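Comments concern the structure below.
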Amino acid sequence: MTLSETNSWTGIRKELLRRIHSRIWQPGEQIPHEADLAEEFGCARTTVNRALRDLAESGLVVRKRRAGTRVALNPPQRATLTIPIIREEVEATGRTYRHSLLERDFRPLPPMLHGAFQATLGEDVLYLKTLHFADDRPYSYEERYINLNAAPEARDTAFDEVSANEWLVHNAPYSHGDISFFAVNADKTLSRKLDAGTGTALFAMERITWAGNMPITHVRLIFAPGYRMRTEI
């Protein structure tokens, strides 16, 4: 890596990460001090500090005051999860995608979400119900709340041609989120919408995304029988 590539904290982070992964620095080993790294890379010490803080937040290094920085003995093993665009997910299997907007309404946030979603109380959020299809077969059923303070353009977006899932990925960048996975048994409504027998176990997920401290959207997705989730590790 050239000097010009390491004059930013991201470039330095990339190089430090390379040294950790290639075992130039062994697990538990103390790495050079910030001042030494700043001299090596020809940058300000604060730039090195930013790169090390990011590695520490990822659990790859351990920093202790007056004791320096060491490579973590047991770095966390994390899966990479991204928010998929359902249209692309369906089309990647060779099937044809379409969606049907079943309901679009402005309403107060339901009390059951007040603790988790933390949108401004008393203000309406946008509520959507959407059914996604693959080759005209039900693929997933979606219930979504959108915080209009975080995504004000959603107020005037119809979501009939582009789904809220795809629109939000492109128009409402998120900084972080929470996601949970669980199973639900199909009731009469889900049985009808997802072409599943009553009582069938269905894969479901709930996800909340934020932009800083502001929640963007809460979504609950329930998938038709046979769905498999794939990710990278």
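The values are calculated or read from the model by the stated rules, or taken from the named source; none is laboratory data. Bear in mind that the values here come from a model prediction, so they are computed numbers and not experimental data. Every residue, glycine among them, receives a Cβ derived from its backbone with ideal geometry; neighbour counts consider all protein chains shown. Please note that ligands, DNA and RNA were not included when accessible areas were found on the heavy atoms of the full protein model with its side chains. Shrake-Rupley method; radii C 1.70, N 1.55, O 1.52, S 1.80 Å.
What is the sum of charges, Lys and Arg at +1 and Asp and Glu at -1, for the other residues whose Cβ falls under 10 Å from the Cβ of Glu206?
Net charge around Glu206: 0.
Once both axes come from the Cα atoms, what is the angle between helix 45-57 and the longest principal axis of the chain, in degrees from 0 to 90, rounded to 10?
Once rounded, one gets 50 degrees.
Step through the residues of the range 170-185 one at a time and calculate ³J(HN,Hα) from phi using the Karplus curve (6.51 cos²θ - 1.76 cosθ + 1.60, θ = phi - 60°), rounding each to whole Hz and writing x for Gly and Pro.
8, 10, 9, x, 10, 9, 6, x, 10, 9, 9, 10, 6, 10, 10, 8
Would you mind getting me the FRET efficiency between Ala183 and Arg66? Use the beta-carbon distance for r and R0 = 41 Å, nearest 0.05.
0.25
For Rg and Dmax of the Cα atoms in Å, the choices are (i) 16.2, 45; (ii) 22.9, 67; (iii) 17.8, 54; which was calculated from the structure?
Computing Rg and Dmax of the Cα atoms in Å and matching it to (i) 16.2, 45; (ii) 22.9, 67; (iii) 17.8, 54 gives (ii).
Please work out the average accessible area per residue across the chain, using the 1.4 Å probe convention, and give it in Å².
So the chain comes to 58 Å² accessible per residue, rounded to a whole number.
So if R0 is 45 Å, what FRET efficiency would Tyr227 and Thr10 give, r being the distance between their Cβ atoms, rounded to the nearest 0.05?
0.80
What angle do you read, to the nearest 10 degrees and between 0 and 90, between the alpha-carbon axis of helix 9-21 and the longest principal axis of the chain?
Tilt of helix 9-21: around 80 degrees.
If R₀ is 45 angstrom, what is the calculated FRET efficiency for the pair Ala92 and Gln26, using the beta carbon separation as r and rounding to 0.05?
0.65
Could you tell me what percent of the accessible area of the chain is made up of carbon and sulfur, with a 1.4 Å probe and every protein chain present?
48 percent
Relative contact order of the range 101-191, please, whole-number percent, based on alpha carbon pairs below 8 angstrom and at least 6 residues apart.
Averaging sequence separation for qualifying contacts and normalising by length gives 21 percent for the range 101-191.
Once a ≥ b ≥ c are taken as the square roots of the eigenvalues of the Cα gyration tensor of the range 142-190, is the result rounded (a/c under 1.5), prolate (a/b larger than b/c) or oblate (a/b not larger than b/c)?
oblate
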